[in-house]
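The values are calculated or read from the model by the stated rules, or taken from the named source; none is laboratory data. Because the structure is predicted, anything quoted here is derived from the model rather than measured. Here Cβ is always computed from backbone atoms with ideal geometry, including for glycine, and neighbour counts include all displayed protein chains. Just the protein is used for accessible areas: all its heavy atoms, side chains included, with ligands, DNA and RNA removed. Shrake-Rupley method; radii C 1.70, N 1.55, O 1.52, S 1.80 Å.
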Amino acid sequence: MKEITFTIRRFNPKTDTAPHDEEYTVEVHEGARVLHALHAVHAQDPGLAYRWCCGSGQCGSCAMRIDGTPALACLTEAHDGMTVWPLDLPVVQDLEVDVAPYLDRISPLCSSEGAVFPTQAEIEAIKPLRECIECMSCVSVCPALKVSDFAGPTAMRQEMRLALDPRDTQDRIAEAIEHDLFNCTTCQQCWKVCPKEIQTPGKAIEKLREIANRRGLTLPRHQEVAELVRTTGRSVGKTQETFLEQVPEVIEPEGEVRATVGFFVGCMYNGRLPQTALDMIEVMRRNGIRVIIPHEQVCCGSPLIRTGQTAIVDSLKHQNIEAFTSRDIDIVMTMCAGCGSTLKNDYDTPFTVMDATEVLNRVGIEDPAPLHITVTYHDPCHLLRGQGISEEPRKLLRKVVDRLVETPNQCCGSGGGVRSGVPEVAGALGQKRGEAFESSGAEMVVSCCPFCEFHIAENTRLPVKDLMTLLRRGYEEKDRQKAAKEE
C-alpha cells in the first residue's frame, strides 16, 4: 500500500456558485488506477459524483481530465499530486458531465430488408472506425464545437463508418455536410486523446470530404484553391517577389559546413512571407548548415488533402520527391508546420523529413544575444500533434528572449480549410487565441507556422513573429554589440 494526496475539482450546480478544488489523501495499492483512488475518496466522502461501469476501458464511462488531459480513470495509474477534473463539458456534478446531447447526434444504422452484409474488404475498411466507446473525450477538446454547431468528431466518425456499410440506406455525406463537416480544423486533438486511438481527422473527416468532392459538394472557396494549385503549383497567389525568385539553388554557410539539408519551402513562405524564409536561411548559414533549394518543387498538397480534393495529389508528391531525390538529398527540412506534417504523414519518402527547429537542435546553434522581451509561444497543431514537436522550438526561444510565458494550447482556427471555407468559425477561434495571448502578459506572440502567424496577427493587438525571425534578430544584436565594443 502507498499513500497519495491529490486534488479533485468539485462542483454541484444546484448548490455551488463556482467550481472549487478539494485535496484528498488516500491509501491505494501499488499500480492502482485513478478509479481506485476515487473509490477510496468516495469511502470518505460519499457525496463525490463520478461515473464508472466496466472498469476495463470498454465502456467509456470514467473519462475525465487527469493532469489536464482527457483519459480513462480505469486505465490511468494514480500518482501523488495528480489533478482530477471533469471533461470540458457541461457538469452535472463533480466529475460527472452531460454527454446526452452529443450521444443524441450519433446516427444509428438504418438498414432495410434484403440488405447485403459487408464484404471482408468493407469490414476491413470499417475496422479503424468502429472501436469508439463514446467516452466523449474527443468532443471535450474539439475547438470547432466551442464556437459552432459542428456535430463533433464522434458524430463524424460514425457518419463515415455508416457511409462504408452497404447495409445503411441513408445519404451520410449529405448528413455530414448538414452537420458542418467543413468546420473541422483537422487540429488532431480528438484522436490524440482518444483511448482507442481512432484517427478521426484522417480516417473519417477527410474521407467524407473526399466523397463530397466527387459529388461536386466541395465548398466554392476550396475549389478555387484546388484550381490555383492545378494551374500554378501553389495554393496561394503571388503578391510580391517570391522566395524562390530571390535565392539560388545552393546557399553555403558562413564558415565550415556542419550539415547539408534540402529545403521544402511551402506556398506561404514562398509567396506571402518570403522574408521569414530568408531570415531562416541566415540562421542556417550562421550555424554552418548548407541549404539546397530545388526550384521545381510545388505545393505539398496539404490544402487539397485536408479538403478532400485529392485528384492531383499523387502528381504533386511525385514532383516533390523527385526534386529532392534527384539531388541525393538525405534530409529535407520544412519550416511550415502543415508541410512538415504532410511530408511526414501523407508521403512515403526515401529521405528523412525534419522541421527547421529539429535541424537546429540536432546540429546545435551559436547562442544569439538575448532580446529583452517577454513572449508567449503558440504551438501549431500540425507541429505539436502532427509531428510531436513541442520542446525543440521552446529550447531555441529561451536562448533569444528574456522570458517565455505559456498560454493553454488551443487551435487558432486557420487549419483544415476552415480559414478559407468557413471564415466565421476561423475568426471565432482566432479571437479566443488573441484574448488568451493578450491576457498572458506577453509583449509578442511567436510561432513556427505561416498560417498560424497570418491568422493570429489578424486576431490580436500583439505583434506576431516567426521563431526564425527572432533568432536572426538575436544574431544581428550580437553583431551590433560586438562592433560597438570594438569601436
Working out 0.36 nm times the residue gap between Ala311 and Ile211, then minus their Cα-Cα distance, what length gain in nm do you get to one decimal?
-> 34.8 nm
Can you list, largest first and rounded to whole Å, the semi-axes you get for segment 285-430 by taking the square root of 5 times each eigenvalue of its Cα gyration tensor?
-> 28, 24, 11
If packing is taken as the mean number of other Cβ atoms within 10 Å per residue, what is the order of 337-345, 27-35, 383-391, highest first?
-> 337-345, 383-391, 27-35
Expressed as a percent, the accessible surface of the chain that is carbon or sulfur, using a 1.4 Å probe and the full set of protein chains, is 47 percent
For segment 390-426 and segment 308-373, distance of Cα centres in Å = 19 Å
For the chain: accessible area per residue (Å², 1.4 Å) = 43 Å²
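Provide the FRET efficiency to the nearest 0.05 for the Thr5-Leu404 pair, computing r from the beta carbons and using R0 = 30 Å.
Calculated transfer efficiency: 0.50.
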Lys, Arg +1 and Asp, Glu -1 on Cβ, resulting dipole of segment 102-215 about Cα centre, debye, nearest 20 | 360 debye
Of (1) 66, 56, 47; (2) 77, 59, 43; (3) 75, 61, 39, which one was derived for Cα extents along the principal axes in Å from the structure shown?
-> (3)
Which percent, to the nearest 5, of DSSP beta bridges fully inside the chain are antiparallel?
-> 45 percent
For segment 163-208, the fraction of alpha-carbon pairs in successive 5 Å shells from zero, as % = 5, 20, 25, 22, 18, 9, 1
10 Å-binned pair-distance histogram of segment 388-487 (Cα, whole percent) | 14, 41, 28, 12, 4, 1
How much length, in nm to one decimal, is gained on full extension between Glu22 and Glu113, taken as 0.36 nm per residue of separation minus their Cα-Cα distance?
-> 27.2 nm
For the chain, longest principal axis from Cα atoms; helix 391-400 axis from its Cα atoms; angle between them, nearest 10 degrees, is 50 degrees
Only Cα pairs under 8 Å and at least 6 apart count here; give the relative contact order of segment 236-362 as a rounded whole percent.
-> 26 percent
Would you list His20, His378 from the most to the least accessible area, probe 1.4 Å?
-> His20, His378
Expected sort for 101-114, 130-143, 273-286, 149-162 on mean C-beta neighbours within 10 Å, highest first, is 149-162, 130-143, 273-286, 101-114
Which of the aspartates and glutamates could a cross-linker bridge to Lys146, judged by Cα under 17 Å and excluding same-chain residues fewer than eight apart?
-> Asp88, Asp98, Asp180, Glu424, Glu435
How big, in percent, is the set of alpha carbon pairs in segment 102-215 lying more than 19 Å apart?
-> 41 percent
Protection-proxy order for peptides 366-376, 412-422, 392-402, each taking the mean of Cβ atoms within 10 Å per residue, highest first | 412-422, 392-402, 366-376
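Report the charge-dipole magnitude of the chain in Debye, nearest 20, computed about the Cα centre from +1 at each Lys and Arg Cβ and -1 at each Asp and Glu Cβ.
Charge dipole, the chain, about its Cα centre: 540 debye, nearest 20.
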Expressed in square angstrom to the nearest 10, the accessible area of Cys448 with a 1.4 Å probe stands at 10 Å²
